[in-house]
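To keep things clear, I will list the structure first and then write my remarks on it.
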Amino acid sequence: MSWRYPTRNNPGEAMQRLWSLVFLVVPIACSAIYLLAALGVPPLQKFWLPPNYNAGGDSIDRLFVLTHLVAAVVLVLTMGALFWFSWQGSARAQATSTTAHHTMLEIVWTIVPACVLIALAVYQFPSWNENKLLRPQILDKGRAIAQPPLVKVVAKRFGWEFYHAGPDGLLETRDDVFVENLLVLPVGEDVVLQLESRDVLHSFFVPGLRVKQDVVPGLPQFLWFRVEKPVELEMVCAELCGWGHYTMQGRVRFVPRAEYEAGILVQRALPRSGHLAHINPPVTHVALRERRRWPQPTRGVSGNE
Amino acid sequence: MSDATARGLGGAAHDRPSVWWSRYLFSRDHKTIGLQFLMSSLIWMVIGGALALAIRWQLAWPWTEMPVFGRWMFAADGGQITPQFYNTLFTMHATIMIFFVVIPLLVGAFGNYLIPLMIGARDMAFPTMNMLSYWLMWPGFACMVVALAAGDQGPEAGWTAYPPLSVVYGNAQDWWLVGLVFVGVSSMLGSLNYITTIMQLRAPGMTWFRLPMTVWGLLITAVLQAFALPVLTAALLMQLLDRWAGTSFFVPAGLVIEGQDIATGAGQPLLWQHLFWFYSHPAVYIMILPAMGIVSDLLSCGCRRPLFGYRVMVLSMIAIAGMGFIVWGHHMFVSGMSYLLTVSFMASTMLIALPSGVKTFNWLATLWSARIRWTSWMLFTVGFISMFVIGGLSGIVMAAPPADILIHDTYFIVAHFHYVLFGSSILAAFAAIHFWFPKMFGRLMNETLGKIHFVLTYLFLNGTFFPMHFLGARGFPRRYADPYVVESFRDLLPLNQFITWCALGMGAAQLIFAVNFLGSLLWGRRPERNPWGANTLDWETDNPPPHGNFASCPTVYRWPYQYEISPDGPDHLPQANPELVQSRAQQ
């Protein structure tokens, strides 16, 4: 008996319907896990955004949640329709309609999504302004000017150099303070960073601050944020920079202003190439000059015991 | 109707090849060339898949001995993948999957095989150029094998090859660049051939709005390739010059790396990103438009009802192609380009979601009121639609630049493009292989194996790629050989191990496809002339079609979606059937 394409006279068996369940169960299960993660139901809460410490990051989180909500509604509607139409279609002996065009429908399902998309596009403007376009301003002799950077960040294969403005408040002067791989910043104020690269592309990424900015050699970038309470976060490189890309990490520590200034003073008393001894424990980065050396796994974490 | 279509059966007449090598190897017959593209892309899929599994191995069990290959590839390192080779792995995985698998499979294989058959032509307009377009792939293959074999010295800048990294490091980057130049020239020749063939060689009566969606998809893809590829090829040559000839197109002034002054002028790394994405964003549509076309045809056939909104679907594809050229900046939201310019790219990106959405709604409307028969190709077809919805929706999340600040270059992006490229393009390719296997080889594929293959692939594909959204929301970066060096990512190790198990399962499921493909080639049942009851012209000839395709010139009387005319009428009316039937769906 040769296999034949079922004809109209061979109405679908009930079993055929089960196939349509595949297209319901899988996407719905995926979205349900996502939803539980977003709602913070343990143990799934770690599959969602990490805590945010940057005031400007709140609007990013709201946008992220909102677009996911819109996406979830569209997903449930389309997958529901996909499932229901295939569930019914699987058991039909005859197509119930041969309509191949409906102008009104086409207009509706173009205009409605267009409105949603335009609303989303408009909604995200303030967040983009806040995070990337409108640098914080300060008053200089009664005139508002863009706030000068507090720290110059120099990215290199595979580490970070931080040059703090010394007491004169200006970068690239003789009293700059140099620290490696640990960025100490004051809390409760807008902080502006100037980003430069020594070699290839890098990207300054701190998930806990919702900031990311590619560092382009020859094209200084600026980045700003504001953190209200002392916290220590991890920063990583998010633009491929070579074999040691993954080792290129540092920490960002936010301390009260007084502690920050004390640290700068202590650091200035040290030889120029030194580290902030009292707040900067030696950073455990690998011997980066040797190409064939990389960190060995820590037992029980990334190793296979 | 143009002169060419009035002339009757088009296509350059060339004699039936008589020697084995002109028949199977250096053939000018579009069907042989299509099968050559099919076979080589399936072989490359195995290689690209193996690289993906190696990446997954490293992410789940970092720095442990890689099974099978580890011992002989990294004997000096106790079978561990080295960080250098990890970079080569993901660079080559992406390059192979994009340039040697998805594009040659959808555009090369099905484009070559189906265009002349579906428009009623004897062959392509330029058969010799067509042969050249396949054989130019081979120097590209050779270059990539050399690049991959370089191991630790392989290309390490990712498939995006951002300078200055790509200009300064990775000895085998040269091979990668030269290989892609060959592939690009091959695709350009192919696209010119496709455009000419579809414009000039349509059978009498095959008007523009009677073309099957597959042909529309391939035509628009070819136009995209013709306009976008020269830009990539030029950029590749510029990068080669930067590496070889000491130019500084992409190297900024005064760049000193490891004590060496690299720059000879004042270039700009961002220039490469603009040129690269000016090609590579349209390339995304090059990889999805043929799939959309194929799925539209298969969906109508599997639903036994006319395709809903044919003209709107064609216009959507044209809109996607046109807008596809003005959205490339959304790959560069945090790259350091002007942040005012970002706003225009955001707007165009939001807009390009519309035609994709309209297509999805039209597919759903086609399913509505349908009479569905779940063949394995129909499962893959509907699977495509559901995966395309997920991939499209995650695309909207990253289209908003502020949200992209968080998820740019994280696994959220990896999840998104695998849903579109694997979940959509590759599932459509599987659907097409199952559907046209009887046409290509004169045998049917096994339905049971096909269905098992579908279910396993569908489950494991979601198990592999969906959790990557979670990783991305946490800020888990791409291209990290050992992300667990970062303390806050250590708790994501179990999730990565789960993903790797699913990826291994997905790899194993493809063995079922291999068995089905090869087994059916040898022992598959012989099909009837038109086993799926399809309407397009390709089913008007033998399985497989003879040299020259059609015994006599087919005449086209209607569009290809004439299914279910009336309860008592025929189930379907092929395009070449002269019978006059009144129908509500008559176009």
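Every number here is computed from the coordinates shown, using simple stated rules; none is lab data. Values in this document were obtained by computation on a predicted structure and should not be read as measured data. Reconstructed Cβ throughout: ideal geometry from the backbone, glycine too, with neighbour counts over all protein chains shown.
Computed from backbone phi, the HN-Hα couplings of the range A:216-226 come to 10, x, x, 9, x, 10, 10, 8, 9, 6, 8 Hz, rounded to whole numbers (Karplus: 6.51 cos²θ - 1.76 cosθ + 1.60, θ = phi - 60°; Gly and Pro given as x).
The angle separating the long axis of helix B:376-399 from the principal Cα axis of greatest extent in chain B is about 40 degrees. Per residue, the average separation of C-alpha pairs within less than 8 Å and at least 6 apart gives the range A:145-269 a relative contact order of 27 percent. With a cut-off of at most 15 other beta carbons within 10 Å, and DSSP calling the residue loop, which chymotrypsin sites (Phe, Trp or Tyr not before Pro) in the range A:19-63 qualify? Please list them. Sparse-neighbourhood loop chymotrypsin sites (Phe, Trp or Tyr not before Pro): none present. Say R0 is 35 Å: what FRET efficiency, to the nearest 0.05, do B:H547 and B:A50 get from their beta-carbon distance? It comes out at approximately 0.45. Taking every alpha-carbon pair under 8 Å whose residues sit at least 6 apart, chain B reaches a relative contact order of 16 percent.
Note on the protein assembly as shown: with charges restricted to the Cβ of Lys and Arg (+1) and Asp and Glu (-1), its dipole about the Cα centre is near 1800 debye. Of the listed pairs B:K31/B:K359; A:K132/A:K152; A:K141/A:K229, which have alpha-carbon separations greater than 25 Å here? Violating the 25 Å Cα-Cα cut-off are B:K31/B:K359; A:K141/A:K229. Helix B:269-303: angle to the longest alpha-carbon principal axis of chain B, degrees 0 to 90, nearest 10? Tilt of helix B:269-303: around 30 degrees. Between A:F158, A:P256, A:G188, the Cα set farthest toward the positive side of the dipole of the range A:145-269 (charges on each charged residue's Cβ, about the Cα centre) is that of A:F158.
Look at B:S369, A:S203 and count the other Cβ atoms within 10 Å of each Cβ; fewest to most, that gives B:S369, A:S203.
Loop-located GluC sites (Glu not before Pro) in the range A:158-218 (DSSP state not H, G, I, E or B) with no more than 11 neighbouring Cβ atoms inside 10 Å: A:E172. Count Lys and Arg as plus one, Asp and Glu as minus one, and take only other residues whose Cβ is under 13 Å from that of B:W436; the net charge is then +1.
Estimated from the Cβ-Cβ distance and a Förster radius of 35 angstrom, the FRET efficiency linking B:F209 and A:L133 is about 0.15.
Report the residues of the range B:232-254 in range of a label on B:V146: point 7 Å along Cα→C-beta, backbone N strictly under 11 Å from it. Those under the cut-off are none; the list is empty. In a simple Cβ point-charge model (Lys, Arg +1; Asp, Glu -1; nothing else charged), the range A:145-269 has a dipole of about 220 debye relative to its Cα centre. Within 10 Å of the Cβ of each residue in A:73-86, the mean number of Cβ atoms contributed by other protein chains is 5.
Restricting the chymotrypsin sites (Phe, Trp or Tyr not before Pro) of the range A:137-205 to loop positions (DSSP other than H, G, I, E, B) with no more than 13 neighbouring Cβ atoms within 10 Å leaves nothing. For a paramagnetic label modelled on A:E228 (point 7 Å from Cα along Cα→Cβ), amide N atoms under 14 Å away belong, within the range A:177-192, to A:187-190.
Shielding of peptide A:18-27 by partners, expressed as the average count of other chain Cβ atoms within 10 Å per residue Cβ, is 5. Using the Cβ-Cβ distance between A:Q45 and B:W523 with R0 = 51 Å, the FRET efficiency computed as 1/(1 + (r/R0)^6) comes to roughly 0.45.
Around the amide H of B:I257, modelled in the peptide plane, lie the amide H atoms of B:I262, all under 5 Å away and 5 or more residues distant in sequence or on another chain. With respect to chain B, whose longest principal axis is taken over its alpha-carbon atoms, helix B:137-149 is tilted by about 30°. Taking 7 Å steps out from each Cα toward its Cβ at A:F125 and B:W21 produces label points 6.7 nm apart.
Rounded to the nearest 20, the size of the Cβ-charge dipole of chain B about its Cα centre is 1480 debye, with Lys and Arg at +1 and Asp and Glu at -1.
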